[in-house]
Amino acid sequence: MRTFGLALLDSHGENRFARVRQFVGADASGVFGILPGHEAMVAVLRYGLARFLDDTGAWHYAALPGGVLRFSDNALSITSVRYFLGDEPGALVAGLAREMARDDSELSTARQTLAKIDRSLLRRLADMNSQGGA
């Protein structure tokens, strides 16, 4: 039985699978599959679930907010900011949604803080200009 290697990489680490029989993912053009011996390719994965079949016949799922897929020399690598790996798709999607909501909240807070700093700096510059012109 022909297989290929799979490496999932994110900011928290990596997971490697030595014997994958099939991968199914999606990019902007739709759903696609990769089998052993597929020609080299690069794709930008969209937000959602990808799945792969190992050599024992078990399906595994990865929920990700997008990522870059590269297949070359019978090895597949997927790089993402974060991914959730498991065998229960519903729980993975829920975990991804929670993580993205938390990230969005942190980003919003950071933007608000930067806006306050900008306003404070502009006030100080205006004060300095008005004092220098007197």
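Maximal additional length on extending the ARG102-ALA28 stretch stands at 24.1 nm, based on 0.36 nm per residue less the C-alpha distance. Comparing ILE78, GLY95, SER108 along the charge dipole axis of the chain, the residue lying farthest to the positive side is SER108, per the Cβ-charge model. Helix 89-132 and the longest principal axis of the C-alpha atoms of the chain enclose an angle of approximately 20°. The alpha-carbon positions of the chain define a convex hull whose volume is 141 Å³ per residue. Only Lys, Arg, Asp and Glu carry charge here, each on its Cβ (+1 for the first two, -1 for the last two); on that basis the chain has a dipole of about 340 debye about its Cα centre.
Which value at 222 nm does the chain reach when only helices count, each DSSP H run of 4 or more adding -39,500 (n - 2.57), with the total divided by all residues and rounded to the nearest 500 deg cm²/dmol? Estimated from H runs of four or more residues: -12000 deg cm²/dmol. Of the residues LEU45, PHE23, MET128, the one whose Cα sits farthest toward the positive end of the charge dipole of the chain, with +1 on the Cβ of Lys and Arg and -1 on the Cβ of Asp and Glu, is MET128.
The numbers here are math on the coordinates, done by the rules we state, and not lab data. Only a predicted model underlies this, so the values are computations on that prediction, with no experimental measurement involved. Because the Cβ atoms are built from the backbone with ideal geometry, glycine has one as well, and the counts that use them run over all protein chains shown.
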